[in-house]
1. In the range 228-246, what residues are of a type in the set (A, V, I, L, M, F, W, C), under 17 Å from Ala268 (Cβ atoms), touching a Lys or Arg at 6+ places or on another chain (Cβ under 9 Å) and surrounded by fewer than 24 Cβ atoms within 10 Å (Cβ to Cβ)?
2. Consider Thr201 against the criteria (1) buried (at least 22 other Cβ atoms within 10 Å of the Cβ); (2) under 25 Å from Val44 (Cα atoms); (3) of a type in the set (Val, Ile, Thr): it satisfies all of them except one. Which criterion is unmet?
3. Hey, Val264 hits all of (1) in a helix (DSSP H, G or I); (2) in contact with a Pro (Cβ under 9 Å, 6 or more places away or on another chain); (3) hydrophobic (A, V, I, L, M, F, W, C) but one; which does it fall short on?
4. Looking only at the range 290-300, which residues are touching a helix residue (DSSP H, G or I) at 6+ places or on another chain (Cβ under 6 Å) and not hydrophobic (A, V, I, L, M, F, W, C)?
5. Which condition number does Pro122 fail, the rest of (1) out of contact with any His (no Cβ under 9 Å at 6 or more places or on another chain); (2) closer than 24 Å to Asn231 by Cβ; (3) open to solvent by less than 30 Å² (accessible area, probe 1.4 Å) being met?
6. I need the full set of residues from the range 204-226 which are closer than 26 Å to Ser18 by Cα, touching a helix residue (DSSP H, G or I) at 6+ places or on another chain (Cβ under 8 Å) and either open to solvent by 40 Å² or more (accessible area, probe 1.4 Å) or modelled with pLDDT under 95 (or both), in order please.
7. Can you tell me which residue among Gly134, Gly114, Gly151 is closer than 18 Å to Ile287 by Cα and touching a residue at least 60 places away in the same chain (Cβ under 8 Å)?
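The values are calculated or read from the model by the stated rules, or taken from the named source; none is laboratory data. The shown structure was predicted, so the numbers you read here are calculated from the model rather than taken from an experiment. Backbone-built Cβ (ideal geometry, glycine too); neighbour counts: all protein chains shown. Side chains included, ligands, DNA and RNA excluded: accessible areas come from the protein's heavy atoms. Shrake-Rupley method; radii C 1.70, N 1.55, O 1.52, S 1.80 Å.
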Amino acid sequence: MKLSSLKQGRDGRLVVVSKDLTRATDAFFIVPTLQQALDDWARVAPLLSDLSAQLEIGSVPSIRFHEHDCASPLPRAYQWADGSAYVNHVELVRKARGAAMPESFWTDPLIYQGGADGFLNPRDPIRALDEAHGIDFEAEIAVITGDVPMGASREEAAAAILLVVLVNDVSLRALVPAELDKGFGFFQSKPASTLSPIAVTPDELGEAWDGGRLHLPLLSSLNGKPFGRPNAGIDMAFDFPALISHAAKTRSLTAGSVIGSGTVSNKAEDGGPGLPLAEGGVGYSCIAEQRCVETLRSGQSQTPFLSFGDVVRIEMKDKVGHSLFGAIEQEVTRYSKDA
C-alpha cells in the first residue's frame, strides 16, 4: 500500500493513496497520523491495507491526490540515521581530496545521526543563507522501521522494515571539511532533509525489492535536465538490514526511525568512476560526486554547486514508467526570517 501525510499541524493527516497516485482516502477513523500507525503497526497495518483495497475498487470516498498538498510522510521523526552504503561514493570523495580509503569502510558501515525534528515538505524550497556554503542535493533511498531491539540480528532488522521512501539529504559542502576536522561529525553542514510525498510498503515494490535493496534507477534532474539515474540495487555494499543492525548495535530504535542509504552511486562498467549522462554513463545522485570525477579526470572541478533559483527533482519509476513515490521537487531560495 501507499501512504501519505497531507499538510495538517505538525504531524500531518494520514491518507491512503491509490496505486496510480491519482486518488486518496482519509485514514483518520483508523489512525490520524503515520507515526501513530507505526506505533501500533501490527494492529493497524491490516486495516490500512483493507482500506487501500477498497480505494482501488472505488468502494470508499476519495479525493483527488495532489503531491503539492503533501508533507513528508513523517513530518518529524524520532530518528534520522543516514548511512553511506554506496562506498563507491565515499571512495571517490576521498580520492578527489587525496585521502586514503581505509579498508574497514568496505566491511563496517558508515552512519551519522541527522536532524529528524523537521523534514521539509516534498515541494518546499531548500532555503539557504549563502550560496558560498556549497549547496548540494543528495538523492537517496530510506526505510522507515518499526521498533528495533538493541543488538538486533540481521533477521530482526529485516523484519523491522515497514516502509520505503526517497530522500533529498541536503548538504552544505563548503562547511563539511571544518566540521569533520573537529572529529565530531556533521551538524551545520547538514540542514533539513526531505522525504518523498509517498511512503510505500515493501510488498508494493514487487520483484524490485529483494528484502534489503531496491533494484531500480533513482532519477534526479537539475533545472529540468537529467542529472543521474544510477540503479539503487547496484554497488550497495551494505543493504538495509545491515544498516539497521549496525545502527541498533548499542541502542534500540523506536518505531518511526528513518534509516538512509546514503547517496546512490554506481561505478562505470569497467569498474572505474561513473560517467556523466552526456558521456553514456548513469550520472550521479549529487553534484559533489560529479565534481570529484571531474577533479580525478582533469585536475579540477567544473560543475558548480546549487545557486538560488535552481530546481532539483528526485523520483523513481517502475519498469513501465509509473512514479512509485511521487516526486521531490525543490527550488533553492535565499533564507529570510520574514519568509
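1. The answer is Ile234, and nothing else.
2. The single condition Thr201 does not satisfy is (1).
3. Exception for Val264: condition (1).
4. The one that is touching a helix residue (DSSP H, G or I) at 6+ places or on another chain (Cβ under 6 Å) and not hydrophobic (A, V, I, L, M, F, W, C): Thr295.
5. Looking at each condition in turn, Pro122 falls short on (1).
6. Of the range 204-226, the ones closer than 26 Å to Ser18 by Cα are 204-221.
From the residues that got through so far, the ones that are touching a helix residue (DSSP H, G or I) at 6+ places or on another chain (Cβ under 8 Å) too are 209, 211-216.
Across the range 204-226, the qualifying residues are Arg213, His215.
7. Details: Gly114 fails: closer than 18 Å to Ile287 by Cα; Gly151 fails: closer than 18 Å to Ile287 by Cα.
Matching residue, one of Gly134, Gly114, Gly151: Gly134.
Listed here are the residues, each with its yes/no results for (1) among the basic types (Lys, Arg); (2) at pLDDT below 95; (3) part of a strand (DSSP E or B).
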| residue | (1), (2), (3) |
| --- | --- |
| Arg297 | yes, yes, no |
| Ser301 | no, yes, no |
| Arg313 | yes, no, yes |
| Lys319 | yes, yes, no |
| Gly326 | no, no, no |
| Glu331 | no, no, yes |
